[in-house]
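Trainee: So that we are looking at the same thing, I have put the structure below in structure tokens.
Derivation of every value follows stated rules applied to the coordinates shown; laboratory data play no part. All values derive from a computational prediction rather than experimental measurement. For neighbour counting, all protein chains shown are included, and Cβ atoms are generated from backbone atoms with ideal geometry for every residue, glycine included.
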Amino acid sequence: MMHLKRQNCSINHLSFNMLPQLLRSGDLLVLNDSKVIPARLFGKKENGTVIEVLLINEVESDTWMCMVHPGKRLKQEQWLDFSEGLKGFVSQPDEHGLRKISFKSEQDFWDELNKVGHVPLPPYIKRADQSQDHQSYQTVYAETKGSVAAPTAGLHFTEPLLKELENQGISIVKVTLHVGMGTFLPVKTERIDDHKMHAEYCTISEEVAQKVNLAKQQGNRVIAVGSTSARTLESFWQDGQLQSGSKWTDIFIYPGVRMQAVDALITNFHLPKSSLLMMISAFCGIELIKKAYQEAIKERYRFFSYGDAMFIE
């Protein structure tokens, strides 16, 4: 784990199990409890052609936005059969290439999805998903079903480590943001502020909002675990305090945008041109992040979802 201090621009190299030494009593740790679903499906057309469907987010009961591959083999809306008990009607694509799929299931939809769905591993992992991926590509505190990718900064935590932090006086709360396309699509526009984030669904309970606001009032740090937790907090920050509720957020945090709810951040190392890298650049400043990433490359840090962590304070 890289330890980055914004105040004096210092960089230290530690292991993640040393995190308790960096936190202090009164700190409030905010986790994203969204749970990865087996969102990758393979369905058959009437002629037997296999079509891959990646679920993105649920828009209403049993209806999802999805991506289809190969799209050119699905030129008209039609039914796909995923199993004897599950089929879905796929629409034509919208201007972004996304489609709606409405499922019809003989049994409980989630039971059928767990039977036939595959874990949507990151594309740079060049193998089929395996049974252990259902646990390893999941945080130990995942509860609320809905993500198509893990909130990967949370993968570093173990139950004993969370317990150690609690015993040290660190408060732990959970928010929910279901990870979809918005988190991972690269920024392709020439101007940063022309980039449009795909909306993702997030929730903060009234109890959590009260705890965050109390921590702020008492001068304690609010520490977001991962960009998804940070985006959720910033999405609900209004008039100097955190609101509660549920909504779709397309918040885009980039250099020049000031983060107000988050005082410290635990994150992984991100790809160039990603909205994730731009968010931590907004938090730290571009030059400091450039310095940190050059150091990470030099010290052979691992990047991407299963990579190493950075603690920024």
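Trainee: Place a +1 charge on the Cβ of each Lys and Arg in the chain and a -1 charge on the Cβ of each Asp and Glu, then give the dipole magnitude about the Cα centre in debye, rounded to the nearest 20. Mind showing how you got there, number by number?
Mentor: Values: 35 positive and 37 negative charges, 206 e Å.
With only Lys, Arg, Asp and Glu charged at Cβ, the dipole is about 1000 debye.
Trainee: Continuing with the same structure: Report, ordered by chain and residue number, the aspartates and glutamates lying within cross-link reach of residue 247, taken as a straight Cα distance under 12 Å and ignoring same-chain residues fewer than 8 apart.
Mentor: 200
Trainee: For Rg and Dmax of the Cα atoms in Å, the listed values are (i) 18.9, 62; (ii) 18.6, 56; (iii) 20.3, 65; which was obtained by calculation from the structure presented?
Mentor: Computed from the coordinates, Rg and Dmax of the Cα atoms in Å corresponds to (iii).
Trainee: In sequence order, what are the phi-derived ³J(HN,Hα) couplings for region 53-61 according to the Karplus relation 6.51 cos²θ - 1.76 cosθ + 1.60 with θ = phi - 60°, rounded to whole Hz, with x for glycine and proline?
Mentor: For region 53-61, the Karplus curve yields 10, 10, 5, 10, 7, 7, 9, 7, 4 Hz.
Trainee: Lysine pairs, Cα distance under 19 Å, 8 or more residues apart or cross-chain: how many in region 40-117?
Mentor: 18
Trainee: Amide H neighbours of residue 174 under 5 Å, counting only residues 5+ apart in sequence or on other chains, H built in-plane at 1.01 Å?
Mentor: Hits under the 5 Å cutoff: 31.
Trainee: Relative contact order, percent, of the chain when contacts are C-alpha pairs under 8 Å separated by at least 6 residues? Walk me through the numbers before you get to the answer.
Mentor: On the way: 628 pairs, mean separation 66.9, N = 313.
For the chain, the relative contact order is 21 percent.
Trainee: Shifting gears a bit: Give me the net charge for the shell around residue 85: Cβ to Cβ below 11 angstrom, other residues only, Lys and Arg +1, Asp and Glu -1. Walk me through the numbers on the way to the answer.
Mentor: Details: positive: 87, 104, 115; negative: 81, 84, 106, 108, 111, 112.
Here the charged neighbours net out to -3.
Trainee: What net charge do the residues around residue 120 carry, taking every other residue with its C-beta under 12 Å from that of residue 120, with Lys and Arg at +1 and Asp and Glu at -1?
Mentor: Numbers: positive: 40; negative: 52, 129, 133.
Neighbour charge sum, excluding residue 120 itself: -2.
Trainee: Taking 0.36 nm per residue of separation and subtracting the Cα-Cα distance, what length does fully extending residue 167 through residue 132 add? Please report the intermediate quantities before stating the final value.
Mentor: Values: separation 35, 0.36 × 35 = 12.60 nm, distance 3.03 nm.
Computed gain between residue 167 and residue 132 is 9.6 nm.
Trainee: Let me ask something additional. So who's got an amide H within less than 5 Å of the one on residue 304, skipping anything under 5 residues away but keeping other chains? H placed 1.01 Å off N, in plane.
Mentor: 269
Trainee: Which of the lysines could a cross-linker span from residue 5 if the Cα-Cα distance has to be under 26 Å and same-chain partners fewer than 8 positions apart are dropped?
Mentor: Qualifying lysines at Cα under 26 Å: 163, 174, 211, 216, 273, 290, 291, 298.
Trainee: At what distance in nm do the modelled label points of residue 298 and residue 116 sit from each other, each positioned 7 Å from its Cα along Cα→Cβ?
Mentor: It works out to 5.4 nm between the two label points.
Trainee: Choose one answer from 81, 62, 108: the residue with the largest mean-square fluctuation in a GNM of the chain with alpha-carbon springs under 10 Å.
Mentor: 108
Trainee: Relative contact order of region 39-181: what whole-number percent is it, with Cα pairs under 8 angstrom and at least 6 residues apart? Can you show the working numbers first?
Mentor: On the way: 212 pairs, mean separation 28.0, N = 143.
Contact order relative to length: 20 percent.
Trainee: Still on this structure: Could you give me the ³J(HN,Hα) list for region 265-272, computed from phi with Karplus coefficients 6.51, -1.76, 1.60 and θ = phi - 60°, whole Hz, x at Gly and Pro?
Mentor: 9, 10, 8, 8, 9, 10, 6, x
Trainee: Which of these, 223, 125, 56, has the largest mean-square fluctuation under a Gaussian network model of the chain (Cα springs below 10 Å)?
Mentor: Between 223, 125, 56, it is 125 that shows the largest mean-square fluctuation.
Trainee: May I pose another question? Whole-Hz Karplus ³J(HN,Hα) for region 33-48, in order, using 6.51 cos²θ - 1.76 cosθ + 1.60 and θ = phi - 60°, x for Gly and Pro?
Mentor: Each residue of region 33-48 in turn: 8, 5, 10, 6, 9, x, 7, 9, 10, 10, x, 10, 6, 4, 7, x Hz.
Trainee: Hey, in the GNM for the chain with a 10 angstrom Cα cutoff, which one of 14, 28, 121 fluctuates hardest?
Mentor: The residue that fluctuates most here is 14.
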